[in-house]
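Here the structure comes first, spelled out in structure tokens, and everything after it is commentary.
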Amino acid sequence: MIQWIFFDLGSTLIDETDCIEYRVSETLKQTGAPSKEEFYRLMEYFASVNMLPYKDAVKKFGLEKIGWLKKLEKLYPESQEVLQSLHGRYKLGIIANQSAGTEEHLVQFGIREYFDVIVSSAEEGVSKPDKRIFELALQRAGCTAAESCMVGDRLDNDIVPAAEMGMSTVWVRQGWFGMWNVDLAQFKPDFTVYRISEVTDIFRRIK
């Protein structure tokens, strides 16, 4: 029985659309950059074959990668409602690749209160898909992999390592990594949704 639900942050609970649009627009100011349509078209192709949309597109065109503007991140409108509906029925945690200050970021978004365990790559010195970050989260939660579920947008960073450990998995197909091809993945998610709002119904069914 699932007792713990662990969430990724970027493109799972946090909407990164504005960050990516800014990053692309700044990238395309460089000399020799393609049109916006051509760049996005290549990003879509790389996503469809389970590559890194932005990073591989930048590399293909020989451009410099633009840094991440974290202040443009925002919560998906449904995220707080989902967390509120699950909190109390389950213990909730975070397993995320994030820059320093994850807990403060959650406070700013008004969702810190929902999480009993927060494990972030910057603070721990280990990043997904390394299974050590999952092991650390399970250890702090005091639960087994079989008692937990990972919810995230990335097959490579969230779904595959969690499944390898025996965790249940929910793939949220939001953002660019939601465009990946599940047939190319080593492990298939137990459940697939297209909006974070659909996660609540999943846990009503598997309780």
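The values are calculated or read from the model by the stated rules, or taken from the named source; none is laboratory data. Here the structure is a predicted model, which is why all the values come from computation and not from measurement. Virtual Cβ from ideal backbone geometry, glycine too; neighbours counted across all protein chains shown. Areas reflect the complete protein model, heavy atoms only, side chains present, ligands, DNA and RNA absent. Shrake-Rupley method; radii C 1.70, N 1.55, O 1.52, S 1.80 Å.
E37 contributes about 120 Å² of solvent-accessible surface, heavy atoms of the protein only, 1.4 Å probe. Across G166, G178, G88, mean-square fluctuation computed from a Gaussian network of the chain (C-alpha pairs under 10 Å connected) peaks at G88. Straight-line reach from K65: which aspartates and glutamates have Cα under 20 Å away, leaving out those fewer than 8 places along the same chain? Hits, sequence-local ones excluded: E16, D18, E21, E26, E37, E38, E44, D56, E73.
Residue by residue, segment 143-157 carries 3J(HN,Hα) couplings of 10, 8, 4, 5, 9, 9, 9, 9, 10, x, 9, 10, 5, 6, 8 Hz when phi is fed to the Karplus relation 6.51 cos²θ - 1.76 cosθ + 1.60 (θ = phi - 60°); x denotes Gly or Pro.
Summing charges over all other residues whose Cβ lies under 12 Å from the Cβ of W68, with Lys and Arg as +1 and Asp and Glu as -1, gives +1. Counting only protein heavy atoms and a 1.4 Å probe, segment 46-110 has 54 square angstrom of accessible area per residue. Scaling the Cα radius of gyration of the chain by the globular reference 2.2 N^0.38 Å produces a ratio of 1.02. Probing with 1.4 Å while keeping every protein chain in the model, the per residue accessible area of segment 1-42 equals 46 Å². If R0 equals 30 Å, the separation of the Cβ atoms of D156 and F61 corresponds to a calculated FRET efficiency of about 0.85.
Largest to smallest in accessible area, the residues T17, T31 fall in the order T31, T17 (1.4 Å probe, all protein chains included). Here the 3J(HN,Hα) profile of segment 175-182, calculated from phi with Karplus coefficients 6.51, -1.76 and 1.60 at θ = phi - 60°, is x, 5, 6, x, 8, 4, 8, 5 Hz, Gly and Pro shown as x. As a ratio to 2.2 N^0.38 Å, the alpha-carbon radius of gyration computed for segment 1-70 takes the value 1.34. Under a 5 Å amide H cut-off, with hydrogens placed 1.01 Å from N, T192 pairs with W171 among residues at least 5 apart or on other chains.
Once both labels are positioned 7 Å from their Cα atoms along Cα-to-Cβ, the gap between E78 and R41 label points is 3.2 nm. Solvent-accessible surface of segment 131-188, averaged per residue with a 1.4 angstrom probe and all protein chains in place: 39 square angstrom. Computed over the chain, relative contact order equals 27 percent, with contacts defined as Cα pairs under 8 Å that lie 6+ residues apart.
Scaled against 2.2 N^0.38 Å for its residue count N, the alpha carbon radius of gyration of segment 91-207 is 1.02.
Annotation for D201 and E123: the two label points, set 7 Å from Cα along the Cα-Cβ direction, are 3.4 nm apart.
Between the helical axis of 131-141 and the longest alpha-carbon principal axis of the chain there is an angle of about 40 degrees. Among the listed pairs K71/K131; K131/K188; K71/K91; K55/K188; K36/K70; K74/K188, a Cα-Cα separation exceeding 26 Å is found for K71/K131; K71/K91; K74/K188. Between V107, V170, V126, the residue with the greatest mean-square fluctuation in the GNM of the chain (Cα pairs under 10 Å linked by springs) is V107. Legend: residues S48, S79, sorted from most to least accessible area (1.4 Å probe; ligands, DNA and RNA excluded), read S48, S79. Summarising the amide proton neighbourhood of K74: residues at separation of 5 or more, or on other chains, whose placed amide H is nearer than 5 Å comprise D15.
Working from Cα pairs under 8 Å separated by at least six residues, relative contact order for segment 67-126 is 38 percent. 3J(HN,Hα) along segment 87-98: 5, x, 7, 9, 7, 10, x, 10, 10, 8, 8, 9 Hz, from the Karplus curve 6.51 cos²θ - 1.76 cosθ + 1.60 with θ = phi - 60°, whole Hz, x for Gly and Pro.
Cut-off 18 Å, label point 7 angstrom out along Cα-to-Cβ of R89: give me the residues of segment 118-157 whose amide nitrogen falls inside. Label zone hits: 147-152. Within the listed set S127, S11, S35, the Gaussian network model of the chain (springs between alpha-carbon atoms below 10 Å) gives the highest mean-square fluctuation for S35.
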